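First comes the structure, then the notes that go with it.
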Amino acid sequence: MATDKSFIDFVLEQLRGLDGITCRRMMGEYIIYHHSKIAACVCDNRLLVKPVEAAFSMMPSAHLEPPYAGAKDMLLVDDLDDKRFLIELFEAMYPELPEPKPKKTKR
């Protein structure tokens with residue numbers, strides 16, 4: 001099941017007060033970037049964030065789930081209605097997110 005356009009629009013609206021948020025569609029699902037670092041996936045109308053220490057500490061009862069079959073587990077964000085919490089979550093996670101991999105140069 002692919003993510004509904006209205007769901008990703010809602011998530012992005014909740015993050016609108018945060019600088020550097022971009023989104024890219026991939027195979028019917030979405031990747032959310034924070035200043036070019038992968039921060040979250042939106043899959044099957046679920047927001048899943050990278051499992052970094054800041055996310056664990058802000059959501060101690062969050063469940064680890066794979067965004068799709070065969071993927072590494074990520075933390076499921078249950079409370080999407082609290083805009084301030086989502087922004088604080090992404091801000092807290094940013095320093096712990098891995099740097100983007102360098103793009104391969106074409107010959």
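Could you tell me whether segment 94-104 includes any residue that is touching a helix residue (DSSP H, G or I) at 6+ places or on another chain (Cβ under 9 Å), surrounded by 15 or more Cβ atoms within 10 Å (Cβ to Cβ) and modelled with pLDDT of 95 or more? Spell out the reasoning first.
Initial filter on segment 94-104 (touching a helix residue (DSSP H, G or I) at 6+ places or on another chain (Cβ under 9 Å)): 94-96.
Next, only the ones that are surrounded by 15 or more Cβ atoms within 10 Å (Cβ to Cβ) stay: 94.
Now narrow it down to the ones that are modelled with pLDDT of 95 or more: 94.
Yes, segment 94-104 has at least one match.
Filter segment 32-82 for residues that are of a type in the set (Lys, Arg) and either loosely packed, with under 14 Cβ neighbours inside 10 Å or modelled with pLDDT under 95 (or both) and give the result. Even if it seems obvious, please write down each step before you answer.
The initial filter retains those residues of segment 32-82 that are of a type in the set (Lys, Arg), namely 37, 46, 50, 72.
Passing the criteria: only Lys72.
Do any strands (runs of 3 or more DSSP E) lying entirely in the chain carry at least 1 residues that are of a type in the set (Gly, Ala, Ser) and in contact with a strand residue (DSSP E or B) (Cβ under 9 Å, 6 or more places away or on another chain), and which ones are they? Steps first, please.
On the way: elements: 21-26, 29-34, 37-43, 46-49, 74-77.
So the answer is 37-43.
Could you pull out the residue among Glu91, Glu29 that is of a type in the set (Asp, Glu) and either at pLDDT 95 or above or surrounded by fewer than 15 Cβ atoms within 10 Å (Cβ to Cβ) (or both)?
Working: Glu29 fails: either at pLDDT 95 or above or surrounded by fewer than 15 Cβ atoms within 10 Å (Cβ to Cβ) (or both).
Criteria check complete, one pass: Glu91.
Of the conditions (1) more than 21 Å from Lys101 (Cβ to Cβ); (2) of a type in the set (Gly, Ala, Ser); (3) in contact (Cβ under 8 Å) with a residue 60 or more places away in the chain, Ser36 fails just one. Which one is it?
Result: Ser36 passes all but (1).
The values are calculated or read from the model by the stated rules, or taken from the named source; none is laboratory data. In this text, all values refer to a predicted model and were calculated from it rather than measured experimentally. Please note: Cβ atoms are built from the backbone with ideal geometry, for glycine as well, and neighbour counts cover all protein chains shown.
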